[in-house]
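Have a look at the structure below before the remarks.
Derivation of every value follows stated rules applied to the coordinates shown; laboratory data play no part. Not measured: the values here are computed from a predicted model. Glycine gets a Cβ as well: all are built from the backbone with ideal geometry, and neighbour counts include every protein chain shown.
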Amino acid sequence: MGLKAKKTDDSIIIQTWEQYEFKLFPGSKSTKPYLHFLFLNPETGKEKRIRKLAGLKPGSSLAALKKEAKQMVPDLVDLLSKGWNPIANTCNDLPVTPISPIIDCIDYWLKHREEQKANNAIAKKTLENNYHLMNYFKDWLKSKNYSFRKANTFTYLDINSFMQTTAKARVWNKVSYNTYRTDIGTFFKYLVALKVLNENPVLLSESKNTKKDSSRFVIFEESELIEVVTTLEKDKSFLELYIACKILFYLNIRPVEITRIQVYNIDFEKRLLTLEPSKTKNGNEAKWQLTDELFILLRDYLKDTPANYFAFANHNTPKPVQANEDFLGQRWRAFRKKYKISSHLKFYALKHSSDWYDLENGVSLQKISERNRHSNPNVTVAYIEQRLNKKIIQPSLSTRF
């Protein structure tokens with residue numbers, strides 16, 4: 001890599017890397033010192049001299065200039081190794097590079113999210129939340145004079161500072177805090193994918209522990225379950241939500257996994273639903289035996305539907321393209337709003353409500369945990385702990401004493 005410095009014309013070779021020779025021109029009475037190398041312009045097919053002056057102080061001794069130039073080379077090598085075009089200042093033909101200011105990276109990511117929304121890859125609400133978050137982030141950057149910092153200079157300490165400052169100003173609860181932290185993590189993860197930075201600073205940032213929050217998963221009362229299921233059953237405009245709720249309650253399949261179900265995943269002869277590893281949260285294949293009711297509902301709902309169609313991809317209409325991950329959550333909130341159903345009743349809580357009532361009916365915790373595909377029964381208990389703590393403790397039925 002490094003070569004012994006030697007004179008070539010008026011410049012000194014500082015280092016070579018692949019086909020590049022990084023040379024120092026020490027300056028003259030009329031010219032400032034600069035580091036330079038030749039770059040092949042992909043548009044013209046001709047080499048162009050690239051000059052870098054930053055970091056080289058005019059009037060410094062030759063030894064000092066050599067030292068400063070050597071310190072500049074590793075950053076240039078890193079950029080070139082990532083496909084940097086110094087003429088267009090793009091990286092792999094992308095408009096954002098490792099030397100782009102954070103503000104440009106934000107705008108580019110939001111354009112990417114717009115495209116995802118147009119392709120139904122993310123929900124409208126998700127995009128709106130992304131814009132809210134980035135506006136908060138821009139405000140924080142401006143207040144710190146960080147708008148033109150390079151994205152790869154941000155650390156988890158910066159993320160903590162932004163999150164804590166904004167959470168206080170916006171009065172976020174723990175769930176909101178974690179949601180926005182996930183979103184800004186998605187932004188930085190995108191920059192990692194583009195090789196704008198090497199690691200995601202959000203990974204080491206602080207998250208909020210919500211395990212002991214009483215509002216996390218409120219179990220449905222029996223009367224509430226009856227109200228929801230009878231209302232859903234009567235309103236055919238929510239048929240796909242009705243079936244999805246049944247799947248969530250009886251099979252404990254996570255909402256995001258439900259959106260991944262395609263017609264070919266259902267064996268109607270064996271009454272079996274199978275999801276391949278790429279469609280499950282834990283990366284393992286999973287199989288469920290359909291109840292008689294679910295078999296009939298799915299058979300009638302998916303009649304004559306092509307095998308590759310996604311069952312829950314639109315309002316009562318299977319589609320060849322998967323819906324966004326929050327599709328069923330959106331439909332649940334629309335249903336809840338239409339019938340003025342309490343906002344404390346969460347879609348996902350149907351899953352934990354069935355766990356609770358099974359436990360009440362004598363089903364073993366081990367079996368419930370297996371149905372949920374939890375790593376151990378303690379995970380299952382964590383979801384119904386609030387209800388367990390409220391249960392009246394019954395006396396022993398033993399008469400031996």
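Looking at segment 221-259, the GluC sites (Glu not before Pro) that sit in a DSSP loop and have at most 14 other Cβ atoms within 10 Å of their own Cβ are 221. Start at zero, step by 10 Å, and the Cα-Cα distances of segment 65-156 spread as 15, 34, 33, 14, 4, 1 percent across the bins.
Measuring between their Cα centroids, segment 51-121 and segment 344-369 lie 52 Å from each other. Adding -39500 (n - 2.57) for every DSSP H run of four residues or longer, then dividing by how many residues the chain holds, sets the calculated 222 nm ellipticity at -14000 deg cm²/dmol.
Ranking of 203, 35 by neighbouring Cβ atoms within 10 Å, starting from the fewest: 203, 35. In terms of other Cβ atoms within 10 Å, 333, 170 run from fewest to most in the order 170, 333.
Relative to the longest principal axis of the Cα atoms of the chain, the long axis of helix 174-193 lies at roughly 40 degrees. For the pair residue 110 and residue 208, what calculated FRET efficiency results from E = 1/(1 + (r/R0)^6), where r is the Cβ-Cβ distance and R0 = 22 Å, to the nearest 0.05? That gives a FRET efficiency of 0.30. When the chain is treated as a Gaussian network with alpha carbon springs shorter than 10 Å, the biggest mean-square fluctuation among 13, 253, 102 belongs to 13.
Applying the criteria of a DSSP loop state and at most 11 other Cβ atoms within 10 Å to the trypsin sites (Lys or Arg not before Pro) of segment 41-126 yields 46.
Here's the picture: charge each Lys and Arg Cβ at +1 and each Asp and Glu Cβ at -1 in the chain, and of 205, 127, 290 the one pushed furthest to the positive end of that dipole is 205. Relative to the present Cα-Cα distance, how much length would full extension add between residue 75 and residue 227 at 0.36 nm per residue of separation? Gain in length upon complete extension: 48.4 nm. In this structure, the pairs whose alpha-carbon distance is over 31 Å, taken from 67/189; 125/168; 142/279; 195/351; 124/236; 48/144, are 67/189; 142/279; 195/351; 48/144. Across the chain, the mean sequence separation of Cα contacts (distance under 8 Å, 6 or more residues apart), normalised by length, yields a relative contact order of 10 percent. Gain on full extension, evaluated as 0.36 nm per residue between residue 43 and residue 147 minus their Cα-Cα distance, stands at 34.2 nm. Segment 252-268 and segment 123-153 have Cα centres spaced 36 Å apart. For segment 73-118, the Kirkwood hydrodynamic radius from C-alpha pairs, put into Stokes-Einstein at 20 °C and a viscosity of 1.002 mPa s, yields a diffusion coefficient of 187 µm² per second. A Cβ-based charge dipole, computed about the Cα centre of segment 222-379 with Lys and Arg at +1 and Asp and Glu at -1, lands at about 460 debye.
Using a Gaussian network model of the chain in which every pair of alpha carbons under 10 angstrom is joined by a spring, one finds that among 16, 259, 186 the greatest mean-square fluctuation is at 16.
Principal-axis analysis of the Cα atoms of the chain puts helix 239-251 at an angle of about 80° to the longest axis.
The alpha carbon convex hull volume per residue for the chain rounds to 238 Å³. Helix 62-81 and the longest principal axis of the C-alpha atoms of the chain enclose an angle of approximately 40°. Each Lys and Arg Cβ is given +1 and each Asp and Glu Cβ -1; about its Cα centre, the chain then shows a dipole of about 1440 debye.
Using a Gaussian network model of the chain in which every pair of alpha carbons under 10 angstrom is joined by a spring, one finds that among 192, 321, 229 the greatest mean-square fluctuation is at 229. In straight-distance terms, cross-link reach from residue 117 covers every one of the aspartates and glutamates whose alpha-carbon lies under 16 Å from its own, apart from those fewer than eight places away in the same chain; here that gives 107, 128, 183, 325, 326.
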